[in-house]
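A quick write-up on the structure given underneath.
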Amino acid sequence: MITLYGIPNCDTVKKARAWLNDHGAVHDFHDFKKQGVPEAALDQWLTQLGWEALVNRKGTTWRKLDEATRAAVIDAASARALMLAHPSLIKRPVVQWSPQPEAVTVGFDPASWPAQAT
């Protein structure tokens, strides 16, 4: 089972969900706003992808943070704490391509998804 993590009103998440539906890829959607960020999954993503790939520094949530808070994000631990406090800081979507728990992607890249979705 594929699990797509994100926020439902995010345009990139909407595109990703539509792509999965259009390609017949059965998936679950995990809403960060309603269901929170699963800490065990976040730890796995941090290990596999690195905190730099997960922190969305281009979004409005990042820009709204004060300079001291942004400057304090220097490693996986500080990024993890901030992403748990502000789920909108996680670059979206994060996709867990099951059954391989190590198969995780961040962002919507339809060129690389067909191999993963099958």
Q. For the stretch 47-113, with equal point scatterers placed on the C-alpha atoms only and solvent neglected, what are the log10 I(q)/I(0) values from the Debye formula at q = 0.13, 0.18, 0.29 1/Å, to two decimals?
A. -0.39, -0.70, -1.37
**Q.** Fully extended contour minus Cα-Cα distance, from residue 77 to residue 44, at 0.36 nm per residue
**A.** 10.6 nm
Q. Packing-wise, with mean Cβ within 10 Å as the measure, how do 79-89, 38-48 rank, highest first?
A. 79-89, 38-48
(Q) Tell me the net charge near residue 41. Cut-off is 13 Å between Cβ atoms, residue 41 excluded, with +1 for each Lys or Arg and -1 for each Asp or Glu. (A) -3
Q: Check the chain and count each lysine pair with an alpha-carbon distance under 20 angstrom, considering only pairs eight or more places apart or from different chains.
A: 14
Q: Lys and Arg at +1, Asp and Glu at -1: add these up for the other residues within a Cβ distance under 14 Å of residue 93 and post the number.
A: +2
Q: State, as an integer percentage, the relative contact order of the stretch 10-118 based on alpha-carbon contacts under 8 Å between residues 6 or more apart.
A: 32
Q: Divide, for the chain, the radius of gyration over alpha carbons by 2.2 N^0.38 Å, where N is the residue count.
A: 1.04
Q. Taking K and R as +1 and D and E as -1, what net charge do the other residues with C-beta under 14 Å from the C-beta of residue 21 add up to?
A. +1
Q. When the helices in the chain are scored as -39500 (n - 2.57) per DSSP H run of 4 or longer and the sum is shared across all residues, what 222 nm value do you end up with, to the nearest 500 deg cm²/dmol?
A. -12000 deg cm²/dmol
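Readers should treat all values here as calculations from the given coordinates under stated rules, not as data from a laboratory. Just so we're clear, the structure is a prediction, and the values are computed from it rather than from any experiment. For neighbour counting, all protein chains shown are included, and Cβ atoms are generated from backbone atoms with ideal geometry for every residue, glycine included.
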